[in-house]
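J.: Below you will find the structure I want to go over with you.
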Amino acid sequence: MRVHVPLKLSAQAIRSKESHFPMFLLTALLPIVVFPLARLDGGLPQRSVLPLSVTLLVLESLRAMPAWLAQLGPIHINGIYRSLGLFSVVAVWIPLLQGQKLPFTLQIILLGLRAVFYLLTAIRIVQVLANCERVSGKTLSLGAAGYVHLGLTAGLLATVLQMADPDSFNLGAVPVQESLAARLSYFSFVTLGSLGYGDVVPASPIGESFAVLLSLSSTLYLSLLIGLLLSRFISAREDEIQERTQ
C-alpha cells in the first residue's frame, strides 16, 4: 500500500486560515467552561450545553485547519478527519435526543473516536506551527489551542480507561452533579499543568502509566512549541535586520 504523507504546508494555505485561529482557541475552551453546567438528567439548557460546545469546536476545527493532503493508499486522511468530526458531533447529541445514556460499549467507542479527532487536531496544529513563517498573536492562539486539545484528548482517554477498568483512578470526593468525563478532564489538565492536587490520583499500574505519558506529552509539546515559535521569531528578526542593512 502506497503511503503519501506531505509534511510541508504552503505559506498561502496557512495565511488563509490565520483569521480563524483566535476563534478556534475560544471554541476549544468552551467544553471545559460548560462541563460544570452539563447534566443529562437536567433541563434542556443543561442537557444541550455540552453538545452545542462540542459541535462548535468540531466545526471551527474543520474551518481553521488546512486540509490534510496525506493519503493512505486510495484513502484521503482529510476524509477520515472530517468523518471523525461528524461522529464526534453525533456522539454528543444522541444521549440528548434519546434522553438516556448510551449502551456501555457504544459509549466507549464514541468517546474513543472523539479522542482520536482531538488528537489528530493537535497533531495538525503542530504541523501548521512548524510551517508558519512568522509569529503573531494569531499564531500564539493556535499554539494555545493545541495545548487545550492535548488536555481534551487526555480527558477522554482517561474516561475510556476508567470505564474499562474502574480501578484505574481514585476519583476522590466526586460532586453529585459532576460527570466522569468532567472529573477526569479536570485530572488531565491538572496533570498537564504539573499541579498535582492529589484529589484524583492513579490507582493502578495502567493509570500510573497514563499519568506518566500525559506528563511527558505536556513537556514535549511545550518544548516543541517554544522551539518552533522562537525559531520563527529569530528568523523574522534576522530578515528585518538584513533588509535594514541593505
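J.: Which one, A173, A144, A122, has the greatest fluctuation when you compute a Gaussian network model over the chain with C-alpha springs under 10 angstrom?
T.: In the Gaussian network model the winner is A173.
J.: If I take every Cα pair under 8 Å that is 6 or more residues apart in the chain, average their sequence separation and divide by the length, what percent do I get for the relative contact order?
T.: Result for the chain is 20 percent.
J.: Counting pairwise Cα distances across segment 36-147, what percent come out greater than 22 angstrom? Show your work: numbers first, answer last.
T.: On the way: 2644 of 6216 pairs.
Roughly 43 percent, once rounded to a whole number.
J.: Report the far tail of the P(r) of segment 3-245, meaning the percent of Cα-Cα pairs longer than 31 Å.
T.: Of the Cα pairs, 28 percent sit more than 31 Å apart.
J.: Related question: So what is the calculated 222 nm ellipticity per residue for the chain, using -39500 (n - 2.57) for each DSSP H run with n of 4 or more, over all residues, to the nearest 500 deg cm²/dmol?
T.: -24500 deg cm²/dmol
J.: Ok, one more. Could you give me the ³J(HN,Hα) list for segment 37-43, computed from phi with Karplus coefficients 6.51, -1.76, 1.60 and θ = phi - 60°, whole Hz, x at Gly and Pro?
T.: Along segment 37-43, the couplings run 8, 7, 9, 5, 9, x, x Hz.
J.: Take each complete run of DSSP H in the chain, measure how far its Cα atoms stretch along the helix's own axis, and keep only those covering 30 Å or more with mean Kyte-Doolittle hydropathy at least 1.6; list them.
T.: In the chain, the long hydrophobic H runs are 104-131.
J.: N170's amide H: which non-local residues (gap 5+, or another chain) put their own amide H closer than 5 Å, with H modeled 1.01 Å from N in plane and none for Pro or chain starts?
T.: Those qualifying (amide H under 5 Å, at least 5 residues apart or on another chain) are V201, A203.
Every number here is computed from the coordinates shown, using simple stated rules; none is lab data. Nothing here was measured: the structure is a model prediction, and the numbers come from that model.
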